[in-house]
Every structure is written in C-alpha cells, then in structure tokens.
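Have a look at the structure below, then the notes.
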Amino acid sequence: MAEVTLENVTKVYPGDVVAISDVNLNVADMELVVLVGPSGCGKSTTLRIIAGLEQATRGNVKIGGHTVNQVPPKDRDIAMVFQNYALYPHMTVYKNMAFGLKLRKYPRQEVEKRVSEAAALLGIQDLLDRKPRALSGGQQQRVALGRAIVRQPAAFLFDEPLSNLDAKLRVEMRAELSRLHHRLGTTMIYVTHDQVEAMTLGDRIAVMHEGVIQQLDTPLVLYNRPVNRFVAGFLGTPPMNFLHGRLEGGDDKILFNEGSARLELPRWAKYGAEALSGREAVFGARPEDISIAQGPGAMQAKVNVVEPLGNEMIVHLSTQYHDLICKAPSDKHIAVDNEVSLIFDIDKTHLFDPEAGNNVTLTQRRHLPE
C-alpha cells in the first residue's frame, strides 16, 4: 500500500504543446481518486507519468514516499488496467493472469494461489480454461482486472477501463470496481471522461481542464460548491443552466436581471451588495433546483421539449434570452409550446464572474458574518 504524490508536474511535448501544467496531487494510502475531464485535458497523460510510461518535463512523482522519476515502470510497484484489455489471444484466462508472475519467477504454488484468489474475487473461476475470444466484454474486463490484482501492487492505475462496454455492463462494472476497492484496500487512481463514473466511484475527484486541475474534492463538495463555471457545468446530468445578465441593487436587495425577469438573490448576495451591484454576471442553477410552479418572482418560459424518463421528466424551456432545462415529476402534465412559470430554489443557485469564470457565490458566502 502506498500514497502517490505529484509535485509541480508539467509535461511539454515538442512544439511547446503543454499537456499538463504544474499539477499537484496527493492520493492517500487506500484512497480512490478519479481524474475526470473532457478529451485532451491531460488526465491520461498524468496517469501515464505516474506509471512511468511518460517522463515529466518538470516536477516529481513519488510513490510510497520515494521519488520515482528515474525508476522504470516495471519497478514502480504499480499495476495498470487499460481501455484496451490487451489480453494475449493465444493464452487461456489462467495463463493471461499468471503471465506477469511467471516473468518475475514466482514459485508455481504462489502463482496458483494468487490466480485462484483473484478469480474467486472476480467470479471468473469457471472461465480459467477459456481463451479471450470465448469471453464477453465484461468477462474480458474482469480478466484484465484479475491480471492486475494478482500482482498485489502498491497502487492500481485505471485508464478509462469501462469505455468499451455497453451501458448496462458499465453500471455493473462500476459497482464491481467499488466493491473491489473496499475489499482490497489498495490505493487507486482512475481516469475517465464520464462524470457519472467519477461521481459514483471516487473518494475524491480531480476535475481537469486544459492540463490544469480545476478543483480536487469529494463528489458532493464538487457538485454543491464548484469553484468555477467549468466545474459547475461539467458535473451534473443534465448540466447546470447558465444565464447571462446584470446585477441590480436597491432597497437592500440584489436582483439578477435576466432580461425578461428579475430574480431576488439571497442573503449572501445582499452582504456583498457593494461588490456585486451593477456588475455583469452569470447565474447558475441546476435543473433539479428549478420547479414548474406559480409563485412570487416566477420567471415565464415556453416549453420546447419534454423527455419522460419514468420517475421524472426532463423539460427543455426557453425565455426570450435563454434556453433552460429543469426536472419535473412524471405525473405533472406539461404540454409542448405552453407557457409555464419557473420558481428557483435561490439558496442553491450560484453566480459566476463572466470573464474569470470563478464562483462569486463562494467568495461572498465565505465572508458572511456568523
């Protein structure tokens, strides 16, 4: 078991292409940290640098407290599971799982013991004599996991291991990976572009964008207190709504003028009235924090699309200036092209600086008097 630490790690490719910039990350012993972000954000490059498959241009990589910048991948005491399962097609499941141990000249009895234990853990005892072509995608994924588990490494690295599976299998394998983490108690670093995978698997999540970690925290903190507009918009399905407008002050109130409606902001905005009044701002509200209902301060919107999902509906709407998405109970009658009233759970909304993108809400709430 070991903690993994990145200190000011930067990777620059020829042509001055910066893949990651000044990344600092500490993954505690037995912790599962997910690196998430869109394609090209640097998450896989970060993982490959930890594995030793890429060399950092600057900075240090530490595993178990030891700097491993010059240590080859085979000596870093890590096991990596790739998006491509990379199983040997001519070998049985048993031989695929045992291959790495045999290369390291482990005794036969130890190899058999480790393969047997890993197969039992993954529920693939009956597949040991099969070859990869006789396995389903989920079974091949389990074999790839088993090959990593038998190594008993200090840390596991996962590079989008579920991307090739269908939706149902991905849900099943997410649960399998979560159970494995709790049973093995090993440090794990998991890379994905799927924010649902990140939210359900990670003890903590590092959201990356353009080679920089934007925010590192627990799933709920990231969801409820995003530090900037990118994090707020990346996490959540459907994503957060963003409305551009101007803040107006008066009569001890701060109002957000969306263009077609004015929304009164809560106590945290009033406290920062001088700083906020008269500014351009981006107002953020998650779909579940918008209700189709009558009430004071309601915003009028037209229904464009209704997507029934069984227990709820996703409703696409538009005002004169913005498109929005909200959630509604499945038994609520909502007709396309109708005008409806929207009520915002204003205490759960956010304000973002339109230029810097930072969450103004967090700044103002931090200075609230007790």
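Among residues of the stretch 155-182 that are under 11 Å from residue 145 (Cα atoms), those with a beta-carbon under 7 Å from a residue that is open to solvent by less than 70 Å² (accessible area, probe 1.4 Å) and among the small types (Gly, Ala, Ser) at least six positions away or on a different chain give the pairs 156/79; 156/148; 157/51; 173/138. At pLDDT 95 or above, of a type outside the set (Phe, Trp, Tyr) and part of a helix (DSSP H, G or I), is that true of residue 169? It is false that residue 169 is at pLDDT 95 or above, of a type outside the set (Phe, Trp, Tyr) and part of a helix (DSSP H, G or I).
Rundown of residues vs (1) free of Cβ contacts under 8 Å to residues at least 24 places away in the same chain; (2) under 30 Å from residue 24 (Cα atoms); (3) small (Gly, Ala, Ser), yes/no style:
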| residue | (1), (2), (3) |
| --- | --- |
| 60 | no, yes, no |
| 67 | yes, yes, no |
| 71 | yes, yes, no |
| 81 | no, yes, no |
| 88 | no, no, no |
| 91 | no, no, no |
| 95 | yes, no, no |
| 103 | yes, no, no |
| 107 | yes, no, no |
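Confirm whether residue 49 is over 30 Å from residue 130 (Cβ atoms) and open to solvent by less than 10 Å² (accessible area, probe 1.4 Å). Yes. When 227, 231, 191 are checked against the criterion of being open to solvent by 40 Å² or more (accessible area, probe 1.4 Å) and touching a helix residue (DSSP H, G or I) at 6+ places or on another chain (Cβ under 7 Å), 227 stands alone in meeting it. Within the stretch 68-86, being part of a loop (DSSP other than H, G, I, E, B), open to solvent by less than 80 Å² (accessible area, probe 1.4 Å) and at pLDDT 90 or above holds for 68, 69, 71, 72, 76, 77.
Condition first: in contact (Cβ under 8 Å) with a residue 60 or more places away in the chain and either on the phi < 0 side of the Ramachandran plot or surrounded by fewer than 15 Cβ atoms within 10 Å (Cβ to Cβ) (or both). Can you find one or more residues in the stretch 125-139 that meet it? Scanning the stretch 125-139 turns up no residue that is in contact (Cβ under 8 Å) with a residue 60 or more places away in the chain and either on the phi < 0 side of the Ramachandran plot or surrounded by fewer than 15 Cβ atoms within 10 Å (Cβ to Cβ) (or both). Note on the stretch 239-271: residues that are open to solvent by less than 20 Å² (accessible area, probe 1.4 Å), in contact with a helix residue (DSSP H, G or I) (Cβ under 9 Å, 6 or more places away or on another chain) and in a loop (DSSP other than H, G, I, E, B) amount to 3.
Any residue that is over 30 Å from residue 99 (Cβ atoms) and of a type outside the set (Val, Ile, Thr) - is there at least one of those in the stretch 42-56? Looking for residues that are over 30 Å from residue 99 (Cβ atoms) and of a type outside the set (Val, Ile, Thr), one finds at least one in the stretch 42-56, hence yes. Just one of (1) open to solvent by less than 30 Å² (accessible area, probe 1.4 Å); (2) more than 25 Å from residue 4 (Cα to Cα); (3) not in a helix (DSSP H, G or I) fails for residue 90. It is (1). Filtered by the rule that a residue be part of a helix (DSSP H, G or I) and either hydroxyl-bearing (Ser, Thr, Tyr) or out of contact with any helix residue (DSSP H, G or I) (no Cβ under 9 Å at 6 or more places or on another chain) (or both), the stretch 194-219 gives a lone residue, 200.
The requirement of being crowded, with 20+ Cβ neighbours inside 10 Å, more than 27 Å from residue 65 (Cβ to Cβ) and of a type outside the set (D, E, K, R) is not satisfied by residue 177.
Search the stretch 194-216 for residues being out of contact with any strand residue (DSSP E or B) (no Cβ under 6 Å at 6 or more places or on another chain) and free of Cβ contacts under 8 Å to residues at least 40 places away in the same chain, and hand back the single one that is least open to solvent (accessible area, probe 1.4 Å). The residue in question is 199. Within the stretch 282-315, the residues that satisfy the criterion of being part of a loop (DSSP other than H, G, I, E, B) and out of contact with any helix residue (DSSP H, G or I) (no Cβ under 8 Å at 6 or more places or on another chain) are 293, 294, 295, 296, 297, 298, 309, 310, 311. Restricting the first member to the stretch 281-298 and to residues that are under 12 Å from residue 324 (Cβ atoms) and open to solvent by less than 20 Å² (accessible area, probe 1.4 Å), and the second to residues that are modelled with pLDDT of 95 or more and assigned to a loop (DSSP other than H, G, I, E, B), the beta-carbon pairs closer than 7 Å and six or more apart or on different chains are 284/240; 285/240; 286/240.
The values are calculated or read from the model by the stated rules, or taken from the named source; none is laboratory data. If you're wondering where the values come from, they're calculated on a predicted model, not measured in any experiment. Backbone-built Cβ (ideal geometry, glycine too); neighbour counts: all protein chains shown. Surface areas here come from the heavy atoms of the whole protein model, side chains and all, with no ligands, DNA or RNA. Shrake-Rupley method; radii C 1.70, N 1.55, O 1.52, S 1.80 Å.
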